[in-house]
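These notes are about the structure you will find just below.
The values are calculated or read from the model by the stated rules, or taken from the named source; none is laboratory data. This one's a predicted model, so the numbers in the text were calculated from it and none came from an experiment. Cβ coordinates were reconstructed from backbone atoms using ideal geometry, including for glycine residues, and neighbour counts include every protein chain displayed.
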Amino acid sequence: MARKEILEVIRKRASIRAYDKSKKVSKEQIEAILEAARLAPSARNTQPWVFYVAESDEAKAKVMNAMSEHNAWANEASVLLVVCADLRNVYRLEAKKYYVDIGLCLENILLEIVNQGLAACPCAAFDKETLARSLQLPEYLEPVIIVPIGYEAKGKLLGELREKYGEVVERKAHKLGGTKSLEEIIFKWE
Ligand SMILES: Cc1cc2nc3c(=O)[nH]c(=O)nc-3n(C[C@H](O)[C@H](O)[C@H](O)COP(=O)(O)O)c2cc1C
């Protein structure tokens, strides 16, 4: 893939919180997303990620049971992907370096979701203990992030804003002050 195309996917990614319930994400699409996840780099190549794919209404209800009420919109997603860390297999558990691994894995997931023409929004606002209990996770699996995945419901929720401010509104709508400029994020370049 050309450099420009990668940047285009990165630019296109945005947190989408409204999904078209009538359109299901296919098994092949989920597999492609997990393939992207699988290939992420990790400290000492520990690959500490483990996934719970909630696709049935029953499984999704178990995940939503732990979700913050602010994330109730996630119930409309076709799939709820729970990204867990396997604590038996992380580099320097006490230093919490594995959150970097899971973060890198998450970005691969989010970019492949865009590549598949799908929409998502990572969710950290959930109760870990409730989720672990609800999904009967073994004690060595820590649920770190939930990724609701679906087809974007165009015009829903953000439709009005998009009309007003243009296409990049999803990126701005949930940000305080929008995307930071390059000047703002470089501490020193010498
Ligand atoms: C680790 C993490 C946790 C997040 N948790 C939530 C969440 O619980 N609910 C939500 O609506 N958005 C959540 N977000 C989405 C952010 O609000 C969003 O990424 C940010 O506002 C930037 O917008 P953009 O993704 O459209 O560029 C989370 C993002 C990250 C990276």
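Some notes on this structure:
- Residues of the range 1-33 that turn out to be assigned to a helix (DSSP H, G or I), in contact (Cβ under 8 Å) with a residue 40 or more places away in the chain and aliphatic (A, V, I, L, M), as a count: 5
- Qualifying residue in the range 44-54 (condition: assigned to a loop (DSSP other than H, G, I, E, B), more than 16 Å from the ligand (Cβ to nearest atom), touching a strand residue (DSSP E or B) at 6+ places or on another chain (Cβ under 7 Å) and within 19 Å of Ala124 (Cβ to Cβ)): yes
Results for (1) under 17 Å from the mean Cα position of the chain (by Cα); (2) crowded, with 16+ Cβ neighbours inside 10 Å, shown as yes or no for each residue.
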residue	(1), (2)
Ile10	yes, no
Ala18	yes, yes
Lys23	no, no
Ala40	yes, yes
Ala43	no, yes
Trp49	yes, yes
Ala54	yes, yes
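- Tally, over the range 90-117, of residues that are closer than 15 Å to Ala37 by Cβ and of a type outside the set (Ser, Thr, Tyr): 17
- When residues of the range 96-119 are limited to those that are free of Cβ contacts under 8 Å to residues at least 40 places away in the same chain and of a type in the set (Gly, Ala, Ser), the one surrounded by the most Cβ atoms within 10 Å (Cβ to Cβ): Gly103
- Condition check for Glu8: modelled with pLDDT of 95 or more, over 28 Å from Asp127 (Cβ atoms) and among the charged types (D, E, K, R): no
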